[in-house]
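The values are calculated or read from the model by the stated rules, or taken from the named source; none is laboratory data. The shown structure was predicted, so the numbers you read here are calculated from the model rather than taken from an experiment. Ideal geometry is used to build each Cβ from the backbone, glycine not excepted, and the neighbour counts take in all protein chains shown. Ligands, DNA and RNA are excluded from the accessible area calculation, which covers all protein heavy atoms including side chains. Shrake-Rupley method; radii C 1.70, N 1.55, O 1.52, S 1.80 Å.
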Amino acid sequence: MSEYYLETKNLTKKFRKQRAVDSINLKIKKGSIYGFLGPNGAGKSTTLKMIAGLLYPTEGDIFIDGHKWSRKDLRNIGVLIESPAFYGNLTARENLKVHTTLLNITDSKIDEVLNIVDLKNTGNKKSSQFSLGMKQRLGIAIALLNEPKLLILDEPTNGLDPLGIQELRDLIKSLKEKGITIIFSSHILSEVEHVAEYIGIIHQGKLKYQDKINKTENLEKLFMNVATV
Ligand SMILES: Nc1ncnc2c1ncn2[C@@H]1O[C@H](COP(=O)(O)OP(=O)(O)OP(=O)(O)O)[C@@H](O)[C@H]1O
Ligand SMILES: [Mg+2]
């Protein structure tokens with residue numbers, strides 16, 4: 001057991017000579033919401049992909065609840081990275097059914113997750129006809145099917161309007177209430193500061209800042225300082 005559900009130690013990913021992620025040490029407290037901030041190309045998706053088992057680290061280690069990451073930890077990790085892929089000709093329920101069948105999960109989870117993400121009234125609408133916000137929610141619903149202890153959301157607010165962003169924030173908070181540890185990335189500070197309790201700022205592959213959000217601190221200034229050096 002560890003105070004941190006997720007930790008990385010000197011986690012590094014090189015693409016040829018570029019250190020896209022450069023020796024970063026993330027510390028994500030159990031049951032917390034962690035905002036992973038950084039400008040375009042900073043290394044957010046690459047970091048999250050390593051934690052999600054989609055990319056091999058070049059160097060360094062990932063620890064889940066105090067032990068070294070292994071593929072079976074993915075049972076406890078829900079992931080939404082970049083744009084989720086759906087079967088456009090299927091409804092929300094049918095898309096989820098594909099996953100429950102594949103993962104051998106009981107179908108009763110389908111209604112449960114549809115309820116959580118507030119998509120239960122989409123009936124026969126095919127997912128290709130969903131709005132961006134609905135698609136993000138369906139992606140989160142899929143990520144929740146395996147009852148994850150850690151949820152990884154890569155830019156979940158991308159492309160959402162202010163109302164959609166507010167709804168997503170509320171959804172993230174409600175997931176924390178269920179005891180899920182959440183890391184979500186964004187390149188927009190204001191999307192993170194209202195929901196995250198901790199923030200990490202990555203720039204050019206390096207973690208430049210990591211701390212509890214301090215409401216009195218000028219985060220905007222901090223972010224600009226960190227992201228422009
Ligand atoms: N498969 C790849 N092959 C080569 N370079 C890559 C690959 N994936 C990412 N990179 C590079 O690694 C760096 C970090 O990319 P990454 O996608 O992690 O950034 P990001 O912080 O998620 O940015 P954004 O906010 O635009 O999504 C970029 O310079 C990118 O070009
Ligand atoms: Mg990205």
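Quick rundown of the values:
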{"quantity": "In degrees, nearest ten, helix 92-103 long axis to first principal axis of the chain (Cα)", "calculated": "70"}
{"quantity": "For region 194-229 versus region 73-105, the gap between their alpha-carbon centres in whole angstrom", "calculated": "32"}
{"quantity": "Over region 74-229, relative contact order from alpha-carbon pairs under 8 Å, at least 6 apart, %", "calculated": "22"}
{"quantity": "On Cα atoms only, tilt of 132-144 relative to the major axis of the chain in degrees", "calculated": "90"}
{"quantity": "Charge dipole magnitude, Cβ of K and R +1, D and E -1 - the chain, Cα centre, debye nearest 20", "calculated": "640"}
{"quantity": "Interchain or long-range residues, amide H under 5 Å from I202's placed H", "calculated": "L37, G38, K208"}
{"quantity": "Residue-by-residue Karplus 3J(HN,Hα) for region 76-86, coefficients 6.51, -1.76, 1.60, Hz, glycine and proline x", "calculated": "9, 10, x, 9, 10, 10, 6, 7, x, 9, 10"}
{"quantity": "Cα centre as origin, Lys/Arg/Asp/Glu Cβ charges: region 155-229 dipole, Debye", "calculated": "300"}
{"quantity": "Peptides ranked, highest mean first, by Cβ atoms within 10 Å: ranges 51-61, 131-141", "calculated": "131-141, 51-61"}
{"quantity": "Too-long pairs where the Cα-Cα distance tops 20 Å, listed order kept, from K44/K109; K126/K173; K17/K206; K176/K208; K49/K72", "calculated": "K44/K109; K126/K173; K176/K208"}
{"quantity": "Highest-fluctuation residue, K13, K178, K44 considered, GNM on the chain with Cα pairs under 10 Å", "calculated": "K178"}
{"quantity": "Modelled FRET efficiency - R0 30 Å, E197 with K126, Cβ distances, 0.05 increments", "calculated": "0.20"}
{"quantity": "Accessible surface, per residue, of the chain when the full set of protein chains is kept, probe 1.4 Å, Å²", "calculated": "50"}
{"quantity": "Expected 222 nm ellipticity per residue - DSSP helices of 4 or more, -39500 (n - 2.57), all of the chain, to 500", "calculated": "-9500 deg cm²/dmol"}
{"quantity": "Apportionment of accessible area to carbon and sulfur, the chain, percent (1.4 Å)", "calculated": "50"}
{"quantity": "For region 46-59, 3J(HN,Hα) per residue [Karplus equation, 6.51 cos²θ - 1.76 cosθ + 1.60, θ = phi - 60°, Hz, x = Gly/Pro]", "calculated": "4, 4, 5, 5, 5, 5, 7, x, 9, 9, 7, x, 7, 9"}
{"quantity": "Amide hydrogen neighbours beyond the local backbone of S32, cut-off 5 Å, H modeled", "calculated": "I182"}
